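The values are calculated or read from the model by the stated rules, or taken from the named source; none is laboratory data. Keep in mind that what you see is a predicted model, and the values were worked out from it rather than measured. So basically every Cβ, Gly included, is an ideal-geometry build from the backbone, and we count neighbours across all protein chains shown.
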C-alpha cells in the first residue's frame, strides 16, 4: 500500500508539474541579453518562435533596408546623371566661350589714324587694342572709338588752355591794381623787377614763368621788385646787352605780354 501510494503521489506530482509547465510556458520571461529563458520547458519553444519571428522581422528589415538603399542608390545615380548632364552643358558653354575668345584674339589692328601733331601713348594703345579685341570690335569700330578719344582729349586740352589764359589775365590785373607796386607805380615797379630777373633768373626759369603764367603773380612780382630796388641802392651794375640799354619789363619778359 505504501508503494502504491508513493507511485500515485509521483503520478499526481508529474501531472501537476505538467499542467503547471504548460501554463507557465506561455508567459515565460525571456533573458533578452543571452537569448535564453529563465525557465525551461515550453519556454524554449516560445523563445524559438520569438527568435523565428525576430529573424523574420530582421529579414523584412534587411529587405526594407535593401530597398531603401536601392532607392537611395537610384536617387544618387539620378543626381549623378543630372550633374553629369549639367557638367556637359557647362563644358559646352565653356567651349563656345573659349572659341569666341580665340576668335577675338585673332583680330589684328593696323595703326589708327590720328590728327597731325598727336602721338598715341604705346602702353595705353596696347591696352585699348586688348579691350577692343575682347569686345570683338572690327578695325572700323575701333577707329571710331579712337576718333572719339582724340576729340575728348582735345576738348580737355582746350579747357586747360583757356583756364590758364584766364588765370594769367587775373594775376596781371591784380598786379596792376596792387597798392604797393601797381597803379602809377606800375612802370617803375616793372623796371625794378626786370633788373632782378636779369641778374638772377636763368632762361629756363623765365620760360617757366611764361608757360605757367606765374610771372604775372602779384606776390612773385613784388619779390622781384624789392630785389631790383636793393640792387639799385647797392649800385650793382648788371652785365649783358641790356646793361646800358633797355631794362624795361618788355626786355626782361619778352614772352610775357601781360607785363609789357
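Tabulated data
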{"item": "Residue check, residue 137 in a loop (DSSP other than H, G, I, E, B), modelled with pLDDT of 95 or more and not assigned by TED's automatic domain parsing to the domain that holds residue 233", "result": "yes"}
{"item": "Only one of 175, 166, 146, 153 that is crowded, with 16+ Cβ neighbours inside 10 Å, assigned to a helix (DSSP H, G or I) and within 43 Å of the chain's Cα centre (by Cα)", "result": "146"}
{"item": "Failed criterion for residue 180 (all others in (1) over 56 Å from the mean Cα position of the chain (by Cα); (2) part of a helix (DSSP H, G or I) hold)", "result": "(2)"}
{"item": "Some residue of the stretch 197-214 being touching a helix residue (DSSP H, G or I) at 6+ places or on another chain (Cβ under 9 Å), crowded, with 18+ Cβ neighbours inside 10 Å, in contact (Cβ under 8 Å) with a residue 24 or more places away in the chain and over 27 Å from residue 162 (Cβ atoms)", "result": "yes"}
{"item": "Pair list, Cβ under 8 Å, 6 or more apart: the stretch 135-146 residue more than 10 Å from residue 109 (Cβ to Cβ), other residue in a helix (DSSP H, G or I)", "result": "135/104; 136/100; 136/103; 136/104; 141/132; 145/128; 145/132"}
{"item": "Leading residue by the ranking (surrounded by the fewest Cβ atoms within 10 Å (Cβ to Cβ)) among those in the stretch 104-116 that are part of a loop (DSSP other than H, G, I, E, B) and at pLDDT below 90", "result": "106"}
{"item": "Positions within the stretch 183-196 being surrounded by 14 or more Cβ atoms within 10 Å (Cβ to Cβ) and either within 9 Å of residue 225 (Cα to Cα) or more than 59 Å from the chain's Cα centre (by Cα) (or both), in sequence order", "result": "185, 189, 190, 191, 192, 193, 194, 195, 196"}
{"item": "Test for residue 242: is it under 19 Å from residue 164 (Cβ atoms), at pLDDT below 95 and not in a helix (DSSP H, G or I)", "result": "no"}
